[in-house]
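Encoded as structure tokens, the structure appears first; notes follow it.
The values are calculated or read from the model by the stated rules, or taken from the named source; none is laboratory data. Just so you know, these numbers come straight off a predicted model, no measurement behind them. Every residue, glycine as well, gets a Cβ built from its backbone with ideal geometry; the counts of neighbours run over all protein chains shown.
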């Protein structure tokens, strides 16, 4: 089970890096060749402001909480699966923990990068500056979406691991009998409530 989990995770990581490289290449091409596409976009002109910072802050907060929860679930998996060798469990979970931490730091770095680029938008004029700032904003939103996908895919894979639910155990025995009551094996009729 652990091998399958990590193999799928590595494929996802390479997909994320490739997707970010392709996205950055496309946005760079647009900024250099057709900056007016980004600079004159009325939606981006209005959205790349404090509204973008608010959206990114909410997304980052949700993702930080999810990342913390993933670390807690990994600890629970290690405690359940690797009872005899906890160190081996920590060693095996280290790549996933590292990737989750990198995702969180990528989000934080993207947030800081957008904050800095918004300072340039407010302080400098020109079509190229606006195109660069809007391109950075689109890239960071794309980055956030990829990190969201990455982390929530891990969450759903961990949720599918058997034995990790917090549901109370189901009783295996019959409910306790009152003192002096005899059991007839469930054959007696249940008392009926009076009709009102």
- Message: Return the residues of the stretch 91-102 that are modelled with pLDDT of 85 or more and surrounded by fewer than 17 Cβ atoms within 10 Å (Cβ to Cβ); say none if nothing qualifies.
- Response: 91, 94, 97, 98, 101, 102
- Note on the structure: In the stretch 41-54, anything touching a residue at least 60 places away in the same chain (Cβ under 8 Å) and either within 18 Å of residue 145 (Cβ to Cβ) or not in a helix (DSSP H, G or I) (or both) is listed as 41, 44, 47, 48, 49, 52, 53
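Conditions (1) outside any loop (DSSP other than H, G, I, E, B); (2) at negative phi; (3) in contact (Cβ under 8 Å) with a residue 12 or more places away in the chain, marked per residue:
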{"position": "84", "(1), (2), (3)": "no, yes, no"}
{"position": "88", "(1), (2), (3)": "yes, yes, no"}
{"position": "94", "(1), (2), (3)": "yes, yes, no"}
{"position": "99", "(1), (2), (3)": "yes, yes, yes"}
{"position": "105", "(1), (2), (3)": "yes, yes, no"}
{"position": "118", "(1), (2), (3)": "yes, yes, yes"}
{"position": "130", "(1), (2), (3)": "yes, yes, yes"}
{"position": "133", "(1), (2), (3)": "yes, yes, yes"}
{"position": "138", "(1), (2), (3)": "yes, yes, yes"}
- Task: Can you tell me which residue within the stretch 104-114, out of those that are in contact with a helix residue (DSSP H, G or I) (Cβ under 7 Å, 6 or more places away or on another chain) and more than 22 Å from residue 154 (Cα to Cα), is surrounded by the most Cβ atoms within 10 Å (Cβ to Cβ)?
- Result: 114
- Message: Could you go through the stretch 54-65 and let me know if any residue there is buried (at least 18 other Cβ atoms within 10 Å of the Cβ) and over 19 Å from residue 158 (Cβ atoms).
- Response: yes
